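Visitor: Got a structure for you, questions after.
The values are calculated or read from the model by the stated rules, or taken from the named source; none is laboratory data. Since this is a predicted model, take the numbers as computed values, not measurements. Positions of Cβ are backbone-derived with ideal geometry, glycine not excepted, and every protein chain shown enters the neighbour counts. Surface areas here come from the heavy atoms of the whole protein model, side chains and all, with no ligands, DNA or RNA. Shrake-Rupley method; radii C 1.70, N 1.55, O 1.52, S 1.80 Å.
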Amino acid sequence: MLITQSEADYMKSVLLVKAKGGLGNRLLALLPPLAWASHHGVGVSIDWRDGMYARRGEDAFFNLFKLNGIEIIGQEDIDLAAAVRPAVWRGRVDATVFGIAKEVDPLHGDNPPLNRSKIMHRKLAIDLGEKPAEGINVFCAYQDIWRGRRFARRAIGVPNATGRMDFLRKCFHKFITPRPEITGPIEDFVRTESGSRNAIGVHFRNTDRQGRASMHFSAIDRILRRQSDSVVFLATDSEAGLALFQDRYGSIIRVMPK
């Protein structure tokens, strides 16, 4: 059988990372497979075109970040590939995770158990404990983030005893750089608002999941006992949460309007 040049080029292994959830979960689903791709020497395509952080069809990842030390495979090249795993993605690698999940688990209708079900993730994502297959290898899971421990030491120099947070932190610093359009305004804001004072960063989630402000208070209080001349940069979507922090800490609370 005659194989064209374009077909031959895309018989190699490629990792396709699909978007699922908010920014934190997307990064959880992205960092371990980047170490996996680096270890196995495969190119990477990132698909954040689901409309969450940009217009539908526009890849939001590259609006926010740069990818380092990884061969980047364009989405138009992904569409050329015939070999895809898991097989549920075959012929529709441009679909969203949510759309595919509704077909995999129709009993749950518009609410497939993606956040809770490891079985669901394993139907939709490759196993990072295995070697890449020829063609497109799709990943979208953020639960089994520690599957990378088998290859992480060689890929990014992480000792076997390293904890999950250190593993993720090293992956982020090695492979991802936030764009200056994102970091610049933040750095300017911190410099203006804190000056020479110590800056404490806090993320308080109190929207789809209810946060416990007391946990943050305990951590902030411990730091303030050591470094009383500090300001607190609070990231939250909750007006009630902002009020709680302002009531407790007053003028040292800083927020960056969205």
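Visitor: Check every one of the strands (runs of 3 or more DSSP E) wholly within the stretch 170-258 and list those with 3 or more residues that are open to solvent by 30 Å² or more (accessible area, probe 1.4 Å). Before the answer, list the steps.
Guide: Details: elements: 176-178, 198-203, 230-235.
Counting at least 3 such residues, we get 198-203.
Visitor: Which of (1) farther than 30 Å from Ser38 by Cβ; (2) within 21 Å of the chain's Cα centre (by Cα); (3) free of Cβ contacts under 8 Å to residues at least 40 places away in the same chain does Phe204 not meet, given it meets every other one?
Guide: With (1) farther than 30 Å from Ser38 by Cβ; (2) within 21 Å of the chain's Cα centre (by Cα); (3) free of Cβ contacts under 8 Å to residues at least 40 places away in the same chain applied to Phe204, the lone miss is (3).
Visitor: Could I ask something else about it? Output yes when any residue across the stretch 232-244 is under 17 Å from Phe189 (Cβ atoms), within 30 Å of the chain's Cα centre (by Cα) and of a type in the set (Val, Ile, Thr), and no when none is.
Guide: The initial filter retains those residues of the stretch 232-244 that are under 17 Å from Phe189 (Cβ atoms), namely 232-236, 242.
Right, trim to within 30 Å of the chain's Cα centre (by Cα) and you get 232-236, 242.
Those left that are additionally of a type in the set (Val, Ile, Thr): 232, 236.
Yes, some residue in the stretch 232-244 is under 17 Å from Phe189 (Cβ atoms), within 30 Å of the chain's Cα centre (by Cα) and of a type in the set (Val, Ile, Thr).
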